[in-house]
Amino acid sequence: MISVAEALDKLFALARPLETETVPLAQGHGRVLAAPLAARLTQPPFSASAMDGYAICEEDACPEIQLRVIGEAAAGHRFEGTVARGNAVRIFTGAPIPAGASRVIIQEDVVRDGDMITLGDTLDKGPHIRPAGADFAEGTPFHAPKRLTPADIALLAAMNLAELPVIRRPRVAIMSTGDELVMPGETPGPDQIIVSNSFGLAALLSDLGAEPRLLPIARDNHDSLRTAFSLIEDADLVLTIGGASVGDHDLVGNVAADLGMERSFYKIAMRPGKPLMAGRLATGAMMIGLPGNPVSAMVCGHVFVTPVIRALQGLPPAPATEATAALAAPVAANGPREHYMRARIENGQITAFNRQDSALLSVLAAANGLLIRPPNDPAREAGETVRYISL
């Protein structure tokens, strides 16, 4: 068995970043930007009013002074003249500052009578002007690689970038295996259960920006498994679920090897998730053989599949992001394998669930984190700091 860290290194060695494609800006959310970009204009492109009020010369910003209104400026409609001493221009938020003006007096500090205004007896500091280029200048870089957030999309739009070079979405084929499995909505036989792992992993992959594809359930025989592998088509990554252990009916590794898989590793010193394998298929696709227990498959999805998808998208290879919290209750000593315990994080404290059986999806659904216990970690008391992965 190898460690989790060693397994991740081997997986990253298999994960080749995918090619780039160009998409419209509106389709960029959640995609990974493949190449740096630069702003095509300055924002704001002109000095603009930050408030509704009156644009005047700074020298006229005196309490109770009277000024003549000579025009109006609104967003999209500038005042074409020049503001001289003794004059004012009615201005609205977002409008260009007229030539000669250097201060905006907010409308609450002004009394207007026809074409004349009188400033109040107290004035705020102002100047209520957004200078040209206050947000960014033409040529300002936008760095890559980066997974694009809604705020990023808004910024790129303001930079006048209508198309984006992004990494192609990874195509992931998901193959559940086992004679005991039936699809949700079907009536299981007396010895059967509903397949669940593949749907949970597909949801996880969708959240990561991949394109999951569920293959038909492969039965525990060579012909059915070969048929399932023939359906992987253009997948970049194949996830098999179950059949990766050493029982008489665990045939996935043998069939994959018969079909040309070059195995990278098998078995990891972790729980849940020990019987994990990985390699490269003859098609060029990566393959990760996940354990069949529902929780094991999902935990391995967070610990291994998530970092692999990020690497395929051109992001720096790195383990799942960790955080720390104080234990709310003691935990017993850990054994020789790294343990990812389902846990609940609340108010800065973390509590491991009492039941950690790898078949209990209800416990996983109630968890919002995986408490990480290093191999042979001694018993820990409440208040001690531990590491965890957020779910």
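The values are calculated or read from the model by the stated rules, or taken from the named source; none is laboratory data. What you are looking at is a predicted structure, and each value in this text was computed from that prediction instead of being measured. Note: ideal-geometry Cβ built from the backbone for every residue, glycine included; neighbour counts use all protein chains shown. The area values use the complete protein model at the heavy-atom level, side chains included, leaving out ligands, DNA and RNA. Shrake-Rupley method; radii C 1.70, N 1.55, O 1.52, S 1.80 Å.
General observations
- Residue that is nearest to Ile106 (Cα to Cα) [pool: residues in the range 85-94 that are out of contact with any helix residue (DSSP H, G or I) (no Cβ under 9 Å at 6 or more places or on another chain) and not in a loop (DSSP other than H, G, I, E, B)]: Ile91
- Subset of the range 106-130 (residues that are open to solvent by 70 Å² or more (accessible area, probe 1.4 Å) and assigned to a loop (DSSP other than H, G, I, E, B)): Asp115, Asp121, Thr122, Lys125
- Note on the range 95-105: among residues that are part of a strand (DSSP E or B) and closer than 18 Å to Gly76 by Cα, the one that is most open to solvent (accessible area, probe 1.4 Å) is Ala99.
- Residue check for Ala323: modelled with pLDDT of 95 or more, under 26 Å from Lys146 (Cβ atoms), buried (at least 20 other Cβ atoms within 10 Å of the Cβ) and in contact with a Lys or Arg (Cβ under 9 Å, 6 or more places away or on another chain): no
- Counting the residues of the range 29-84 that are hydrophobic (A, V, I, L, M, F, W, C), open to solvent by less than 60 Å² (accessible area, probe 1.4 Å) and assigned to a strand (DSSP E or B) gives 11.
- For Ile288: the one exception among (1) at pLDDT 95 or above; (2) closer than 20 Å to Lys267 by Cβ; (3) assigned to a loop (DSSP other than H, G, I, E, B); (4) in contact with a Ser or Thr (Cβ under 8 Å, 6 or more places away or on another chain): (3)
- Wholly enclosed strands (runs of 3 or more DSSP E) of the range 306-391 bearing at least 2 residues out of contact with any Ser or Thr (no Cβ under 8 Å at 6 or more places or on another chain): 338-346, 349-352, 369-373
- Of all the residues in the range 331-358, those that are closer than 21 Å to Phe304 by Cα, among the small types (Gly, Ala, Ser) and surrounded by fewer than 13 Cβ atoms within 10 Å (Cβ to Cβ) number 0.
- Residue in the range 373-380 that is crowded, with 16+ Cβ neighbours inside 10 Å and aliphatic (A, V, I, L, M) present: no
- Scanning the range 154-171 for residues being open to solvent by less than 40 Å² (accessible area, probe 1.4 Å) and either at pLDDT below 95 or outside any strand (DSSP E or B) (or both) gives a total of 6.
- Residue match in the range 347-359 (condition: aliphatic (A, V, I, L, M) and modelled with pLDDT under 95): yes
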